[in-house]
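Read through the structure below, which is laid out as C-alpha cells, and then see the notes.
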Amino acid sequence: MLFNSYLFIFGFLPFVLLGFYLLGERQRDWALLWLTVASLVFYAWWRPINVLLIAPSILINYGLARALQRTGETRPTLAKAILTLGIVFNICFLGYFKYRMFIEGSLNDVFGTGFILTRLILPLGISFITFQKIAFLVDVQAGRVTQFSLRDYGLFVLFFPQLIAGPIVHYREMMPQFRAAPCRFDATNVSVGITLFSFGLAKKLLLADPLGSLVAPIYGHAAAGIPASLTDAWIAALGFTLQIYFDFSGYTDMALGLARFFGIKLPLNFNSPLKAPNIIDFWLRWHVSLTRFLTAYIYNPLTLSLTRRRAARGKAVFGGRNTTIPAFLTLLAMPTILTMLISGLWHGAGYTFILWGLLHGVFLCVNHAWRVIRPRIWPDTRTYNQRMAPIGFVVTFLSVVFAMVLFRAPTVGAALMLWKGMVGIHGVVLPWVVLFDLGSFGNFLVSLGVQRAWTSGALLLDATVRIAVLLAIALALPNTLEILAAYEPALGVKPAKTPSLILRWLAWRPTDAWAVGLACVTLAGVLSLGELSEFLYWQF
Amino acid sequence: MENPRRFIRIWLTTLAGLAALVVMVNLLVDPYDVFGTPRIAGISTFKPKADDHPMLAKTYQVARVRPATVVIGTSVADIGIDASDPVWPQAMRPVYNFGIPGSTAIGNLETLQEAVATGAIENAIVFLDFDNFLIPQPPGKTLSDDEQRLHGLLGGAPNASRPMQVAEDMFLSTATMRALNDSVTTVVQQWVPDPSDMASDGSSIKQEFVTAAQTEGMHNLFAQKDVYDAERMGTVAHVLAASNGPTANLDTVAAIIAFTRAHGVKLTLAITPRHSDELEIYWHLGLWPRVEQFKTELAALVATQGNGVRLWDFMDYSAFTTEPVPPEGDLRTATRWFWDPNHFKRALGRIMVAQILGEDAPAFGVVLTPDNVAQRNAAVRAQRQAFVCGNSAVLAAASDRPTTDGCVAVETAAKQRGPT
C-alpha cells in the first residue's frame, strides 16, 4: 500500500487512527497491539507472502536476542558467537533475496558458469529491516538494550510509518516513546502530523514525480547506446538528482508525519543535503539514519580495530594535521571506501550501485585528506571558511550530481554515455529555433560546432525552467524540519538559535493562516493522487 | 491564534470547501467535454485540453451528438476534416469527426463500432493511413482504459468493464489536479489568438501547428517531421526488408466492411494523402512497392467484399501534395494544403470530402478498383518522375543516398531545401 494512494489516505490511515485512539482511551496495550496488527496488514497488502518471509526472521532474531541477553554477561565468548550467528543469518537472509541473482549473473559473466537466473520475490523493505535487526542484536549484546518482549520487538520492526523505507531506527530510541505514548488523540501531534504528511505528499506528487517523465527517455536512450548531447545529459543528471531529492524528502516527511499521529518522533533522516558545503556534510544530511548505522556498526568498529592493531605495532595512528600517509590510507581511506562500498551494495544489487558507493567513498577520502592538508597550507580557518565555502558548495553539488547518474542509469555503459555527454564529448545540440532566435550569436555558436536539432525549443525551455525552479526551492528555502522546528518534527530537532528572516516568517504554528495555507497544499497533493507512483527508495 | 484543535477544524473545513469548489469549477469548464456542459464565451468555448485525451472526450461527445455520418481515422482525419464544413449536405448531418491521433486499424474498427452504438449512423467515411498497414497490429490482450469505456468489445459482445471506467472518468475529470490545471488552462486559452480546440463535433484545431508555423516557420515543422518519420519508417522498412508477405491488417478492413454492411451503414474508404516529403521517404526506404501493393490488395478486397463500398485514393504526387515548403527562416509564408508531411489542412480535407460526395471540386484523387489500380500506380509513378525532374536540385542529396540511409538523406534534403 503506497502512502500516496487513495486507499491509504482515505481508508487505511483513518481506520487505523480511529481504532488506535479509541482503544487507547481504554487500554494502551490494546492500542499498541492494534498498531502492530495494522502494520502487519500494511506489510501484507501488496504480497501476503511477505509476511511468511518476514515473520520467521523476526522470531529467529528475537530468539537470538534472548539468548544474547542470557549469555551476555556470564559467557561473553558464547555471546559473541551468537551475535556473529545473528549477523550472518541476517546478511544471508538479505543476500539470498537481494543479491543471489546478481552474484550468479556475475559468476556466469566471469567464469561462464551456467546458473539459471530466477528473479525472487524481494520482501518489501528488506534492506531497512535487516539493518534494524542487526543493530538491535548489537545493542542487546552491548547491553544498550536490556528490556524487551516479543510484542515490543514486533512493533519496533513492523511500525508501518518507517517499515518500508526507513528511517532506520534503534530500539532504544523507539521503545521508550511507545511506552510513554498516550495512545490518544492529541491535537498538537495530529496537527504536526498533518502538516508533515501534507508537505511530503506535495513534494512527492507535485515536485518529484513530474521529473520522472522528463529524464526517463534520456536514460533510456543512453541505455540503448544513443549518445546524449550536453544539454540532454545535464537535464538527465540534474533532473534525476532533483527527482530523488524531492521523492526521498517527501517520503521522509510523510513517514515523520505518520509516526507523529501515533505520538512517535522518528529520527532525523533528510536535512537539505544539496545545501551541504562539503561531501562529509552531505552524508550527515542525506539518509542520515543510514549514515548513522554504517558509521556506528561498520566504520567505527573497523577503524577502532585497525587503530588498535597499528598502535600495538607501534605505528603512527590518525592524528589530525600530523597524520601520516600510511595512517590515513589504513585508518581512514580504507574503512571509508569499504563502508561506502557496502552502502552502494545496500542500495542495489548492481555494478552501478557499487560504483556509486565507491565514488562517494573516494569523494569522502578526498574531503578528509583536504581537512588534514588544508590547515598546513591555509591555517586561518575563519577566512578559509568565508572564502571557500561557496566553492566547496559548488564542488560538492557537482560531485553529487555526477555520481547520481550511476544511481539512475540502468547500466555502467549508460552512465558513461551520459558522463561523456555532460562534459561535451557528444557535442552540443540546441533546437533550431533557439539558435535562430539568438540571431548572430546563434550563428557564432554554430560556427563553434553547436549542432542544430529539428526539435521544438519548448521542450528545452520547459526542462530548464522546471529544473531552475526546483533547484531554487531545494537551495534557497528552509526545509520542513526547520519550518516545524518549534514542535520537534524529528527526534532531537530543535529550533535554530538565530533563524533567518524567511524562516521566522515561515515558522509553523497551529494558526488559522497556516491551516488555510496547508489545506491548499494538502488539496493539491490529494488531487494529484490519480497517477500512482512508488517512492524511489522503496525499491531498496 | 495558536490552537491545534482549531487548526485541525479550519484545515478540514477549508480542505472540504476547496475540494467542492474544484469539482464545481471542473464541472463548469468541463475541459475534456465529458459532461457536455454548455460552452460559455470567455470560459469554455474552446476545449484545448480535450485534445490531450481524445478518446475520453470523443467517446462521450459522440454519444451526445448521435451523428448520421461519422468520420473515422487517425490524427490526419482529426485535424484535416471539419465536420461542420458547409460541404456536408443536410441529409448527412449531423457529422461527427471520430479521428483519434495514433489510432490503428483495430482502433478504427473500435471507434466505428462505438459510433454505430449511438444508433443513428447512416454513413461512415474511414480514412486509412498507409503506415497502419505495414506491421500486423493484432488487438491487445487486455483492454486499455480507452477500450474499457467503449460500449462493445471487438466482435460485438457488451463491455462489462464500461461502468467502472465511466465512474473513473467522472472522478478523474472532476476531482484531480490535472483536471483543475486543464480547466485553468482552458479558461486562459480562451483569451489567446488561435487556441487549440476540439469542437463538439469532434473536429480539432491544433494551436501548436499555428504557433510553430509563426515562431519557427513551416520549414521547421516539415523538417522536424521529416527526420522523425524517416527514423520511424526506417525501422519499419528494416523489419520488412526480408518480407514479401501480404499487406498487414487488411482483415481489419474486411471486418469494417462486414460490420457496416451488417448495420446498414454506407461506407466509404479513403487512402489519406501525404506530402511529397513523406512520399519521398517511402521511395528512399524502398517502401514504394508496398504502397502499390497496399492499393492493389485493398482495391481487390473492396471489390470482392464491399458491396457498394467505394475506395478513394488520394495518395499521389499531385499539385496539392507537392506544394512547396517555404525556405528556412521564413516565418511569414504559410503552406496552403499541409501542416507537415503527414497532416493535411482543412482546405484539402474539404476538397477530398467534396470529391467523395460527388460535389464540385478541383480534381484530386480517384476511385480505385481492381480494373484501374495498375493504371493508377503507373500514373503516380509518372507524377513522381515529373516531380523529381522539376525539383532535382532539392532532391539531389536524397536521391543519391542508399535506401537504408533514408533518415540522413531526408534530413539533408530538408536542410538544403530552398524556395522552389
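Computed values, structure above
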{"read-out": "Chain B: most fluctuating residue of B:SER144, B:SER203, B:SER161 per GNM, C-alpha cutoff 10 Å", "value": "B:SER144"}
{"read-out": "Förster radius 41 Å - calculated FRET efficiency between A:VAL394 and A:SER149, Cβ distance, rounded to 0.05", "value": "0.20"}
{"read-out": "³J(HN,Hα), Karplus 6.51/-1.76/1.60, whole Hz, each residue of region B:364-374, x for Gly, Pro", "value": "6, x, 9, 7, 8, 9, x, 6, 10, 5, 5"}
{"read-out": "Alpha carbon centroid spacing (whole Å) that separates region B:50-113 from region B:176-242", "value": "18 Å"}
{"read-out": "Eligible lysines near A:LYS133 by straight Cα distance, threshold 21 Å, same-chain separation 8 or greater", "value": "A:LYS80, A:LYS98, A:LYS265"}
{"read-out": "Amide H partners (placed H, <5 Å) of B:PHE338, local residues excluded", "value": "B:LYS345"}
{"read-out": "Contact order relative to length of chain A, as percent, for alpha carbon pairs under 8 angstrom and 6 or more apart", "value": "18 percent"}
{"read-out": "Label-to-label distance, nm, for residues given as B:HIS263 and A:ILE91 (7 Å Cα→Cβ offset)", "value": "6.7 nm"}
{"read-out": "Residue order, fewest to most beta carbons within 10 Å, for B:LYS47, A:LYS275", "value": "A:LYS275, B:LYS47"}
{"read-out": "Ascending count of other beta-carbon atoms within 10 Å, so fewest first, for B:HIS275, A:HIS221", "value": "A:HIS221, B:HIS275"}
{"read-out": "Of A:GLY314, A:PRO326, A:TYR299, farthest towards positive along the dipole that unit charges on Lys, Arg, Asp, Glu beta carbons give region A:281-436", "value": "A:GLY314"}
{"read-out": "Per-residue mean of C-beta atoms belonging to partner chains within 10 Å, peptide A:513-523", "value": "6"}
{"read-out": "Long-range amide H partners of B:ARG310 with built H, under 5 Å", "value": "B:LEU269"}
{"read-out": "Exercise: per-residue mean of other protein chain Cβ atoms within 10 Å, A:181-188", "value": "2"}
{"read-out": "Relative contact order %, region A:279-422, counting alpha carbon pairs below 8 Å whose residues are six or more apart", "value": "22 percent"}
{"read-out": "Positive-end extreme of charge dipole, chain B - chosen from B:VAL166, B:THR59, B:ALA299 (charges on Cβ)", "value": "B:VAL166"}
{"read-out": "Debye, to nearest 20: dipole size of region A:6-185, +1 on Lys, Arg Cβ, -1 on Asp, Glu Cβ", "value": "280 debye"}
{"read-out": "Fewest-first sequence of A:PHE363, A:PHE393 by Cβ atoms within 10 Å of each Cβ", "value": "A:PHE393, A:PHE363"}
{"read-out": "Cα centroid separation - region A:235-305 against region A:68-124, whole Å", "value": "25 Å"}
{"read-out": "Share antiparallel - DSSP beta bridges, the protein assembly as shown, percent rounded to 5", "value": "20 percent"}
{"read-out": "Region A:513-527 residues near the modelled B:VAL184 label - backbone nitrogen below 15 Å, point 7 Å along Cα→Cβ", "value": "A:520-527"}
{"read-out": "Lys, Arg +1 and Asp, Glu -1 on Cβ, resulting dipole of region B:206-416 about Cα centre, debye, nearest 20", "value": "560 debye"}
{"read-out": "222 nm mean residue ellipticity, helices alone, for the protein assembly as shown (DSSP H n ≥ 4; -39,500 (n - 2.57); rounded to 500)", "value": "-18500 deg cm²/dmol"}
{"read-out": "Spatial extent of region B:206-416: Rg and Dmax, with the Cα atoms as the point set, Å", "value": "17.9, 53"}
{"read-out": "Cut-off under 5 Å, modelled amide H: who pairs with B:GLU216 long-range", "value": "none"}
{"read-out": "Pairwise FRET efficiency - A:ILE325 versus A:SER305, Cβ, R0 = 25 Å, nearest 0.05", "value": "0.75"}
{"read-out": "Hz values of 3J(HN,Hα) by residue in region A:230-238 - Karplus curve (6.51, -1.76, 1.60), Gly and Pro given as x", "value": "3, 5, 4, 5, 6, 4, 5, 5, 5"}
{"read-out": "Residues A:ASN443 and B:ALA319, FRET efficiency given R0 of 60 Å [Cβ-Cβ distance, rounded to 0.05]", "value": "0.95"}
{"read-out": "In nm, spacing of pseudo-spin labels at A:ASP109 and A:LEU284 (7 Å Cα→C-beta vector)", "value": "3.7 nm"}
{"read-out": "Segment B:LEU250-B:THR369, extension gain: residue separation times 0.36 nm, minus the distance between their alpha carbons", "value": "41.3 nm"}
{"read-out": "Dipole of chain B, positive direction: furthest Cα of B:PRO341, B:ILE356, B:ALA319, with charges on the beta-carbon", "value": "B:ILE356"}
{"read-out": "Length-normalised contact order for chain B - Cα pairs under 8 Å, 6+ apart - percent", "value": "19 percent"}
{"read-out": "Derived scalar couplings ³J(HN,Hα) [region A:8-13; Karplus, 6.51 cos²θ - 1.76 cosθ + 1.60; whole Hz; x for Gly, Pro]", "value": "5, 6, 9, x, 4, 4"}
{"read-out": "Whole-number D in µm² s⁻¹ for region B:37-114, Kirkwood Cα-pair radius fed into Stokes-Einstein, 37 °C, 0.692 mPa s", "value": "248 µm²/s"}
{"read-out": "Check: chain A dipole with +1 on Lys, Arg Cβ and -1 on Asp, Glu Cβ, in debye", "value": "1960 debye"}
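Throughout, read-outs are computed from the coordinates displayed, never taken from laboratory work. What you see is a predicted model; the values in this text were computed from it and never measured. Counting neighbours? That spans all protein chains shown, and the Cβs are built from the backbone with ideal geometry, glycine included.
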